[in-house]
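Written below as structure tokens is the structure these notes are about.
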Amino acid sequence: MQQAKYHIVTLGCQMNKSDSERLASLLDSLGLQEVDRLKEADLVILNSCSVRQTAEDRVFGKVRELAELKRTNPRLTVGVTGCMAGRDTDGRIRVKLPDVDLFFSTADMVHLPQWLAERGLIEADVSERPEEYLKIAPRYSSPHQAFVSIQTGCNNFCTYCVVPYARGLEKNRPAADILAEVRALAAAGVSEVTLLGQTVNSYRASDPESFSAGNPYTDHFAALLWEINQFDGFGRIHYTAPHPNSMTEQVIDALALPKQANYLHLPVQSGSDEMLRKMNRKYGRADYLDVIRRIRERKPEICLGTDIIVGFCGETEEMFDETVSLFREVDFDIAYLAMYSPRTGTPAWRAFKDDVTRDEKKRRWRQLHDLMEETVRRRNQKYVGQSVPVLVEACRRDGVCSGNSWDMKAVRFPGSSDLIGRTVMVRIDTARDWVLNGQIV
């Protein structure tokens, strides 16, 4: 049988990127060959995102493109996985994609050996398929940085969110499995590990006996961070995305562990108590600000990011102004801003009216975006004249290298490709909105 070739298109969050690394590893183990071009592939899998309608529209557009390819390559198999497939419990999305051959949730990738054998793409003993997708060892896309999923699914049921429907309830990997994966990454010379979970700091180990006897923490997520901080071989640990309600005193204390990035991304979504109630965020404005206060007491210079939704159902101008004032009070370094997009099947879609006009959503988004740029421009000036550690991620042919500092600030400087994967000290000469420019010292 001729060796089949595959191509994966990944849309959405870091969790999807990590899932695609597992998917690639599985396909490699089945004897398929990855190719860079769609036209060369016998199997194309789209790992989809459902966070907003625009994300799903990209999948529909890509499928139309692949339908054209199928006319010239009858052997081409098209698959769609990820949150778009996972949340389609009634088949309404599937029926709109007649040119898709395989439509499956992320967890169901374990059935690919059987499905691909049935389509004649592989000869495989399907009895050897993995029992659980998180047991598949990822094929990391970088030798220097690695995503490590510690959890999938979510128990929070925010009214706007598809995750509990697309990925199911929260499921945590055993601590022993996580620590074995990170230990191997450290031994392989990986420089940075990013722990992933939908509410990553709500992690609870099924095997807490895997933690060391000398571990000072009883909170399982803080204990996991402490264990990983003990490994030699890499320099930086990051995680995303925590939930404010799971920022316990021990998790906050663990922010000061020596290998932790000096950055925390803590989604707030709104500064209005009424909006937070309708979103089912399970905290209020004062609760969130109290978490921020405790974080800064423990680590005063930490940089903070967040997620904010504008134009959620029933959001008045006064409610939006409360979000603006919260942004100013916290003084975020960055915010990922989204205009509310109804997602079918969610409680907000069923119970609330999407009553803020698109033009008004755009106006509110622009107001917050302008505030964010003004804020980051001001905050970045403190770095001018300072030397900061930078993990080098890329170098261009013109001799310009780039990477993130420990504050997760993008930094550019002259250098060469042999620096990739190393941490270097860079003196900052100029600070722009989103980039710090400097020289290696």
Exercise for review: Could you tell me whether the stretch 231-238 includes any residue that is more than 16 Å from I150 (Cβ to Cβ), charged (D, E, K, R) and at pLDDT below 95?
Suggested key: yes
**Study point:** Total residues in the stretch 418-441, condition over 23 Å from E373 (Cα atoms) and small (G, A, S)
**Key:** 1
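Name the helices (runs of 4 or more DSSP H) wholly inside the stretch 277-374 in which the number of residues that are farther than 24 Å from T199 by Cβ and out of contact with any Lys or Arg (no Cβ under 9 Å at 6 or more places or on another chain) is 2 or more.
Fully inside the stretch 277-374 and qualifying: 317-330.
The rows are residues; the columns are (1) out of contact with any helix residue (DSSP H, G or I) (no Cβ under 6 Å at 6 or more places or on another chain); (2) assigned to a strand (DSSP E or B).
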position	(1), (2)
P143	yes, no
C154	no, no
F157	no, no
P164	yes, no
I178	yes, no
E181	yes, no
G189	yes, no
L195	yes, yes
A205	no, no
Review point. Given V356, V426, V400, which one is aliphatic (A, V, I, L, M), over 28 Å from Y239 (Cβ atoms) and touching a residue at least 24 places away in the same chain (Cβ under 8 Å)?
Key: V356
Practice item. Could you grab me the full set of residues in the stretch 237-292 that are in contact (Cβ under 8 Å) with a residue 60 or more places away in the chain and among the charged types (D, E, K, R)? Key: K278, R281, K282
Check your understanding: Condition test on T323, is it polar (S, T, N, Q), at pLDDT 95 or above and in contact with a strand residue (DSSP E or B) (Cβ under 8 Å, 6 or more places away or on another chain)?
Key -> yes
**Study point:** Given (1) modelled with pLDDT under 95; (2) surrounded by 15 or more Cβ atoms within 10 Å (Cβ to Cβ); (3) within 19 Å of L27 (Cβ to Cβ), number of the condition S105 does not satisfy
**Key:** (1)
Study note, to complete from the structure: Within the stretch 207-229, residues being surrounded by 14 or more Cβ atoms within 10 Å (Cβ to Cβ), of a type in the set (S, T, N, Q) and not in a helix (DSSP H, G or I) number 1
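The values are calculated or read from the model by the stated rules, or taken from the named source; none is laboratory data. Keep in mind the model is a prediction, meaning the values are calculated, not measured. Because the Cβ atoms are built from the backbone with ideal geometry, glycine has one as well, and the counts that use them run over all protein chains shown.
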